[in-house]
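Below is one structure, written out as C-alpha cells, with a few remarks after it.
Quick note: the coordinates plus some simple rules give every number you see, no bench work behind them. These figures come from a predicted structure and were not determined experimentally. All Cβ positions, glycine included, derive from the backbone under ideal geometry; neighbour counts span all protein chains shown.
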Amino acid sequence: MSKLKTYKDIEDLIIKYGYDIISSPGMQSEKKFIQHGNISCYHHSLSVAYMSVWLAYKMKINVDMKSLIRGALLHDYFLYDWHIPDKSHKLHGFHHAKTALENARRDFSINDCETNIILTHMFPLNLKLPRYKESIIVNIADKICAIFEIFRYNFVDISQVEVK
Ligand SMILES: [Fe+2]
Ligand SMILES: [Fe+2]
C-alpha cells in the first residue's frame, strides 16, 4: 500500500486482482449499458475500483485489497440498462444491489466482504448497513464517481485496463 504512487500502480492492482472479472462475458456486456451521463456501467465499475483504491491509500486505511477491488468491480453487476422502461427495472435504485449480488454469486466465487460491498453500496437508500471498512470505502467511492459522471468529468482512462 505504501508503494502505491501512480494511476499505473492502481491499474496493476486492478488487473492483478480483477482480471477474471474484467474479462468475463458478464462484465464485458456492461459496456452496452449506460450508467450515468454517457458513461457505461463497465467504465463506472472500473472508475469505482480506481477511486476505492485511491481513497484507501489517501486515508491510509489498511484494507483487504483483493476484496475491495473485486467488490468494487461487481457492485453494479445487475446486467441491464436501467434507462430502458421495463417493469423489472422499476425502483432500480432500491433493487439493483440485490440483483447484482445474485448475478455475482452465479458467475464468480465471492467472499463475505465482497458480498457486503455489493449489497450495501446503495446505503442509505437501501437500509442494509456496511459491515466492513471496504464496504464503506466503495459506498463513498461510488457516490463520488456518480457525481463526476453526471457532470461528465472523466477522471479514469480505462484504456490501460481494457482487455482485448
Ligand atoms: Fe449501484
Ligand atoms: Fe455504482
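A search for C-beta distances below 7 Å between a residue of the range 119-145 that is in contact (Cβ under 8 Å) with a residue 12 or more places away in the chain and more than 10 Å from His75 (Cβ to Cβ) and any residue that is of a type in the set (Gly, Ala, Ser) and away from ligand 1 (no atom under 11 Å from the Cβ), counting only pairs 6+ apart in sequence or on different chains, returns Glu134/Ser67; Glu134/Gly71; Ile137/Ser52; Ile137/Ala56; Cys145/Ser47. Here the helices (runs of 4 or more DSSP H) wholly within the range 39-128 that include at least 1 residues being over 20 Å from Ser29 (Cβ atoms) and more than 16 Å from ligand 1 (Cβ to nearest atom) are 41-58, 65-74, 112-120.
Considering only residues in the range 27-59 that are among the aromatic types (Phe, Trp, Tyr) and surrounded by fewer than 23 Cβ atoms within 10 Å (Cβ to Cβ), the one that is farthest from His83 (Cα to Cα) turns out to be Tyr57. Taking Lys16, is it surrounded by fewer than 23 Cβ atoms within 10 Å (Cβ to Cβ), in contact (Cβ under 8 Å) with a residue 40 or more places away in the chain, more than 16 Å from ligand 1 (Cβ to nearest atom) and in a helix (DSSP H, G or I)? Criteria not met by Lys16.
Check whether at least one residue in the range 52-68 is within 14 Å of ligand 2 (Cβ to nearest atom) and either under 27 Å from Leu129 (Cα atoms) or of a type in the set (Phe, Trp, Tyr) (or both), and report yes or no. The answer is yes, given that some residue of the range 52-68 is within 14 Å of ligand 2 (Cβ to nearest atom) and either under 27 Å from Leu129 (Cα atoms) or of a type in the set (Phe, Trp, Tyr) (or both). When we screen Asp142, Asp107 for residues that are more than 15 Å from Ile10 (Cα to Cα) and within 15 Å of ligand 2 (Cβ to nearest atom), the only hit is Asp142.
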